[in-house]
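Everything on this sheet refers to the single structure shown next.
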Amino acid sequence: QVQLVESGGGLVQPGGSLRLSCAASRSIFDINAMGWYRQAPGKLRELVARARSGGTTNYADSVKGRFTISRDSAKNTVYLQMNSLKPEDTAVYLCNAVIGIETYWGQGTQVTVSS
């Protein structure tokens, strides 16, 4: 099992940057995959970025070149660096961890991109 706590959300102007953090309650070294999802009002939850324990990453097409996911095993933390933010990036961002056949979620952090 693992508990996940997100932080770093907030209000930012279009073109700005934010870095989200997801702190895990245990070592993430052997966690198969950790990722970030987002859910906007009235929309389905969607994958934003995922980082696997072997080092591979994948991104939604809408964020490629703007967002970067990284894992810091020493700090048991996963980050999502978000640059060149757009109003359509506004959503609740949720951290996700897959351990074996189990999936765990954080409570989410709100990101609002608006002028």
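The values are calculated or read from the model by the stated rules, or taken from the named source; none is laboratory data. Since this is a predicted model, take the numbers as computed values, not measurements. Every residue, glycine among them, receives a Cβ derived from its backbone with ideal geometry; neighbour counts consider all protein chains shown. Only protein heavy atoms, including side chains, enter the accessible area calculation; ligands, DNA and RNA are left aside. Shrake-Rupley method; radii C 1.70, N 1.55, O 1.52, S 1.80 Å.
For residue 5, only one of the following conditions fails: (1) part of a loop (DSSP other than H, G, I, E, B); (2) under 13 Å from the mean Cα position of the chain (by Cα); (3) under 17 Å from residue 105 (Cβ atoms). What is its number?
Among (1) part of a loop (DSSP other than H, G, I, E, B); (2) under 13 Å from the mean Cα position of the chain (by Cα); (3) under 17 Å from residue 105 (Cβ atoms), residue 5 violates only (1).
Report, by residue number, each residue of the stretch 24-57 that is open to solvent by 50 Å² or more (accessible area, probe 1.4 Å), more than 18 Å from residue 107 (Cα to Cα) and part of a strand (DSSP E or B).
Across the stretch 24-57, the qualifying residues are 52, 57.
Starting from residues that are within 11 Å of residue 79 (Cβ to Cβ) and touching a Ser or Thr at 6+ places or on another chain (Cβ under 6 Å), keep the ones in the stretch 1-19 and report whichever is least open to solvent (accessible area, probe 1.4 Å).
Of everything passing the filter in the stretch 1-19, 6 is least open to solvent (accessible area, probe 1.4 Å).
I'd like the residue in the stretch 70-98 that is of a type in the set (Val, Ile, Thr) and over 20 Å from residue 40 (Cα atoms) and, out of all such residues, is surrounded by the fewest Cβ atoms within 10 Å (Cβ to Cβ).
Step by step, filter the stretch 70-98, then rank; the result is 98.
Collect the residues in the stretch 58-69 that are open to solvent by 40 Å² or more (accessible area, probe 1.4 Å) and aromatic (Phe, Trp, Tyr), keeping them in residue-number order.
Listed by number, the list holds a single entry, 59.
Going by the structure shown, is residue 102 free of Cβ contacts under 8 Å to residues at least 60 places away in the same chain and of a type in the set (Asp, Glu)?
No, not satisfied.
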